1. Does any residue in the range 177-202 that is over 17 Å from residue 101 (Cβ atoms) come within less than 6 Å, Cβ to Cβ, of a residue that is modelled with pLDDT of 95 or more and away from the ligand (no atom under 11 Å from the Cβ) six or more places away or on a different chain, and which pairs are these?
2. Does residue 209 meet the test of being of a type in the set (Lys, Arg) and assigned to a helix (DSSP H, G or I)?
3. Let me confirm something: among 119, 186, which residue is more than 16 Å from residue 209 (Cβ to Cβ) and of a type in the set (A, V, I, L, M, F, W, C)?
4. Where the second residue is surrounded by fewer than 24 Cβ atoms within 10 Å (Cβ to Cβ) and the first is at positive phi and lies in the range 77-104, which pairs have Cβ atoms under 7 Å and are six or more apart or on separate chains?
5. Restricting attention to the range 211-218, does a residue exist that is under 26 Å from residue 100 (Cβ atoms), of a type in the set (A, V, I, L, M, F, W, C), within 12 Å of the ligand (Cβ to nearest atom) and in contact (Cβ under 8 Å) with a residue 60 or more places away in the chain?
6. Does residue 121 satisfy the condition of being modelled with pLDDT under 95 and under 18 Å from the mean Cα position of the chain (by Cα)?
7. Restricted to the range 72-100, and to residues that are within 16 Å of the ligand (Cβ to nearest atom) and buried (at least 24 other Cβ atoms within 10 Å of the Cβ), which residue is nearest to residue 136 (Cα to Cα)?
8. Out of (1) within 16 Å of the ligand (Cβ to nearest atom); (2) farther than 22 Å from residue 240 by Cα, what's the single condition that is false for residue 106?
Amino acid sequence: METLNGMETSNKFCIIGGSGFYDFLEEPSKISITTPFDSKPVTIYQQEFEEKILFFLPRHGGLHNIPPHKINFKANIYALHSLAIPKVIATSAVGSLRPLINPGDYVLLDQFIDFVRPITFFDGDFSVEFQKGITKSGVVHLDMSEPYCPEIRKILSEVLKDDHDTHTAGTYATTMGPRFETPAEIKALQQMGADVVGMTNSSEAILCRELGICYGVLAVVTNMAAGLQKQLSHSEVLDIFNSRAASLKQIFHDVITQLPEQRNCTCAWYLQK
Ligand code: HPA
């Protein structure tokens, strides 16, 4: 049995909802988790489903009232760790940098480019205990060769194998937000090798990896990036996402029923050292 903080983990699973995806569970109970990283508790929703406990965390708050630069990523991810949640899939609204990736398509991210903000739990005085009593503290330089959980990505691509609008790999570039990018910034990101752009995702991927949580992403393309379409608007992002909400729920249910109880990936390997 896999445990974390002395709690069983194998039956737990969390969805993090991005822009336009604010509810996932039908009859959830609301829980508040206090963390060392915020005076306000993190609100998470919880429900049992086919002998699993599902959690849902709306990244921008239930009413989209937290902009990207104000999201307390550390509090959010630490709250998942406190609940001993071993696996997370996030949704992420992205702009496309490539003519073959269109609004409405899904992208299963496998790499990111993030030079915008340093983020880590290990600021020097943080210490955290993992399964088997292993403690990590001090300065941690994390391996990011495989930034997203390969097992979650594989199951997502199996579930979506008949969906012709799914791209099974893609590089995400993180920008600061909350403004959209300039066309010149998008050109620079294209030349660096990015396929899609967004404002949040890599921070979660980094922090989840630091705490040994498997993290996968289903990115939803909501627009062509700046310079590739006439203008960008937040309402367009929300409209596309809303039109995908029902199918996202179905995809996540399918993925959850296929996830193996034990992890068979390398996401927590550095914790064993
Ligand atoms: N840029 C940044 N973030 C986004 C975009 C975009 O074009 N679309 C959705 N989120």
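1. Sorted first by the residue in the range 177-202, then by its partner, the pairs are 202/112; 202/114.
2. Considered against the rule, which asks whether it is of a type in the set (Lys, Arg) and assigned to a helix (DSSP H, G or I), residue 209 comes out as yes.
3. Working: 119 fails: more than 16 Å from residue 209 (Cβ to Cβ).
None of the others qualify; the one that does is 186.
4. Partner pairs satisfying both residue conditions: 84/4; 84/5; 84/7; 84/9; 84/12; 104/165; 104/240.
5. Within the range 211-218 (the criterion being under 26 Å from residue 100 (Cβ atoms), of a type in the set (A, V, I, L, M, F, W, C), within 12 Å of the ligand (Cβ to nearest atom) and in contact (Cβ under 8 Å) with a residue 60 or more places away in the chain), the answer is no, since none of the residues qualifies.
6. Here the answer is yes, as residue 121 does meet what is asked.
7. Result: 90.
8. All conditions pass for residue 106, except number (2).
The values are calculated or read from the model by the stated rules, or taken from the named source; none is laboratory data. Model, not experiment: these values are computed from the prediction. Because the Cβ atoms are built from the backbone with ideal geometry, glycine has one as well, and the counts that use them run over all protein chains shown.
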